[in-house]
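Trainee: Below you will find the structure I want to go over with you.
The values are calculated or read from the model by the stated rules, or taken from the named source; none is laboratory data. Since the model is a prediction, treat every value here as computed from it, not as a measurement. All Cβ positions, even for glycine, are placed from backbone atoms using ideal geometry, and neighbour counts span all protein chains on display.
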Amino acid sequence: MKRILIADDHAIVRIGFRQLLMDSFSQLYIEEVEDGEQLLKSAFAAQWDMVISDINMPVINGIIALQKIRERLPDLPVLIVSMHDSSKYASHVHKAGGAGYLSKDVAATELVKAVQLILAGNKYFASINVEG
């Protein structure tokens, strides 16, 4: 069973991501948190196959949370999602060690595709050009 931790301060986004993933993957356990502090507590308290985190969250933002996860759990893949469709943000995520970046305005199938690729050990930065 794959275990995914979803962090977003908007309940409707978490619910939508959960439903998309539950409809697309069998044998899936999902936990949801609503801020960066909860994200770190949950990430460090259990074993996860993947984290999906918003970039803008209360208490601790997604990039800082990603950096802290990299320090303690360097092999845990983190997909950062954002309402910002910018290569600038994708580049920050890439440099911070993220497994991928996804704009929230893409088709639902892109989330599923990104999760499939990341769970298979790949990175997902779509058509965004990242350096390094």
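Trainee: If you take the residues in the stretch 97-132 that are assigned to a helix (DSSP H, G or I) and crowded, with 19+ Cβ neighbours inside 10 Å, which one is modelled with the lowest pLDDT?
Mentor: The residue in question is L111.
Trainee: Is it the case that some residue within the stretch 32-49 is under 21 Å from K113 (Cβ atoms) and without any contact (Cβ under 8 Å) to a residue 12 or more places away in the chain?
Mentor: So far as the stretch 32-49 goes, no, none of its residues is under 21 Å from K113 (Cβ atoms) and without any contact (Cβ under 8 Å) to a residue 12 or more places away in the chain.
Trainee: Here is a further query. Taking the stretch 57-72 as the region of interest, how many residues are of a type outside the set (V, I, T) and either part of a strand (DSSP E or B) or out of contact with any strand residue (DSSP E or B) (no Cβ under 7 Å at 6 or more places or on another chain) (or both)?
Mentor: Adding up the residues that qualify gives 7.
Trainee: Just checking, does the stretch 33-47 include any residue being part of a strand (DSSP E or B) and surrounded by 13 or more Cβ atoms within 10 Å (Cβ to Cβ)?
Mentor: yes
Trainee: What about S53, is it buried (at least 20 other Cβ atoms within 10 Å of the Cβ), polar (S, T, N, Q) and in contact (Cβ under 8 Å) with a residue 24 or more places away in the chain?
Mentor: The answer is yes for S53.
Trainee: Condition first: of a type in the set (S, T, N, Q) and assigned to a helix (DSSP H, G or I). Now tell me which residues in the stretch 73-96 satisfy that.
Mentor: S87, S91
Trainee: Consider the stretch 66-108. How many of its residues are polar (S, T, N, Q) and over 22 Å from Q19 (Cα atoms)?
Mentor: Going through the stretch 66-108 one residue at a time, the tally reaches 4.
Trainee: Looking only at the stretch 1-32, how many residues end up being in a helix (DSSP H, G or I) and in contact with a helix residue (DSSP H, G or I) (Cβ under 9 Å, 6 or more places away or on another chain)?
Mentor: 6
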